[in-house]
Amino acid sequence: MSTGAPIPSPRDIDTSQRPFVLIWEVTQACELACDHCRADAKPSRHPDELTTAEGKRLLDSAAEFGDGQLVVLSGGDPMKRDDLVELVRYGTKQGLRMTLTPSGTEALTPDNIAALVDAGLQRMALSVDAPATAHDRFRGEAGSFERTREAAEAARDAGIPLQTNTTVCATTVETLPAVREFVAEVGAVLWSVFFLVPVGRGQILDPIQPERAESVLEWLQDVSEAAPFGVKTTEAPHYRRVALQRNGSATDAPDADAIGRRGGIIAGDGFAFVSHTGELFPSGFLPKSAGNVTDSDLVSLYQDSTLFESLRDRDRLKGKCGACEFRHVCGGSRSRAYAVTGDPLASDPLCAYRPSGYDGPLPDRQAAADR
């Protein structure tokens with residue numbers, strides 16, 4: 001396994017110049033039919049996916065952000081691409097830190113995992129949303145949970161750090177304590193807890209209410225203080241506000257897991273997403289394009305596009321997010337704001353916090369709860 005590129009200190013990364021995380025959705029094809037799927041994935045690959053050559057040019061461009069740029073190959077299920085090992089090896093040679101988020105399918109064999117690790121893969125993230133039967137139902141295929149467990153064991157045996165991703169919605173929230181036990185059992189280094197954004201198939205699911213989200217975030221703080229793994233949230237940056245209110249600090253220190261973490265990352269500000277056809281989005285859950293990497297420069301699009309510049313300016317946020325004293329460490333989920341209101345700068349409707357002295361309009365769900 002390659003030792004990979006040098007790891008830049010997360011706190012040294014200027015997110016106006018480079019993303020901390022660059023996601024490339026290498027395909028939307030997947031054998032699963034998950035209830036929450038952002039991509040509304042289908043078994044067959046799209047004819048306009050980036051080719052191997054186009055993908056390598058994208059990785060060349062990603063390397064221009066600087067040493068050790070973190071790249072996540074996502075999907076769909078990236079295992080559906082027969083050039084996946086080639087892409088991981090190429091990105092590693094370009095000095096990128098290559099990571100992967102595959103689906104729990106029969107393609108995720110120990111041999112395939114070993115080949116990816118040999119090509120330089122530095123981390124694998126596997127999704128577990130609930131205990132076995134409920135997970136399989138959520139993922140739309142019997143046996144997915146056991147295949148995911150076997151893949152986790154194979155990753156551990158191959159010496160690759162493992163991350164576990166979990167979706168939080170009304171269907172899964174009660175099972176979080178059981179999933180927490182699974183994360184510890186498989187030896188994951190990080191638990192990434194994703195709070196549902198109503199896009200793709202996820203529009204048919206019920207999100208949890210803001211007050212419940214607050215209690216889950218407080219519980220996750222408890223877990224982070226006691227668990228043998230790190231905890232982060234996705235599309236719930238107010239986790240950092242909860243940490244500040246509780247501990248006086250929201251700084252995420254780098255872990256000894258070859259990746260590191262940092263706070264203050266939201267869609268378009270430290271985070272960018274390249275779709276399977278090359279569109280650059282602030283996030284996969286905020287499908288508003290800044291341009292296409294096949295005919296525009298990736299670095300310039302990230303640094304200079306009006307969309308990304310607006311998302312990096314926390315003083316342009318509207319409503320209670322704009323008035324919030326925590327906006328520079330939180331910023332709210334721009335993806336959820338866009339999904340619910342059509343405005344990526346609007347208030348995050350999942351956050352229950354009311355800024356001190358704020359008497360302006362509230363997101364609909366919070367206003368309804370206050371009535």
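Where a number appears in this text, it was derived from the coordinates with a stated rule and is not lab data. Since the structure is predicted, the reported quantities are computational estimates derived from the model, not experimental observations. For neighbour counting, all protein chains shown are included, and Cβ atoms are generated from backbone atoms with ideal geometry for every residue, glycine included.
A few remarks follow.
- Cross-link reach is defined here as a Cα-Cα straight distance under 17 Å, omitting same-chain residues fewer than 8 places apart; for Lys318 the aspartates and glutamates meeting it are Asp269, Glu309, Asp343, Asp348, Asp359, Asp364.
- Listed by chain and number, the lysines placed with their C-alpha closer than 24 angstrom to that of Lys232 are Lys320; residues fewer than eight positions away on the same chain are left out.
- Within straight-line reach of Lys56, meaning a Cα separation under 26 Å, sit the following lysines at least 8 residues removed in sequence or on another chain: Lys42, Lys80, Lys93, Lys288.
- Distance between modelled label sites at Asp82 and Thr109, nm, 7 Å Cα→Cβ extension: 1.5
- Taking amide H atoms as placed 1.01 Å from N in the peptide plane, the amide H of Lys288 lies under 5 Å from those of Ser283, each 5 or more residues away in sequence or on another chain.
- Relative contact order for the chain, counting Cα pairs under 8 Å that sit 6 or more residues apart, in percent: 17
- Cut-off 15 Å between beta-carbons: net charge of the residues surrounding Ser356, Lys and Arg +1, Asp and Glu -1: +2
- Solvent-free Debye scattering, log10 I(q)/I(0), computed from the Cα coordinates of the chain at q = 0.12, 0.14 Å⁻¹: -0.86, -1.23
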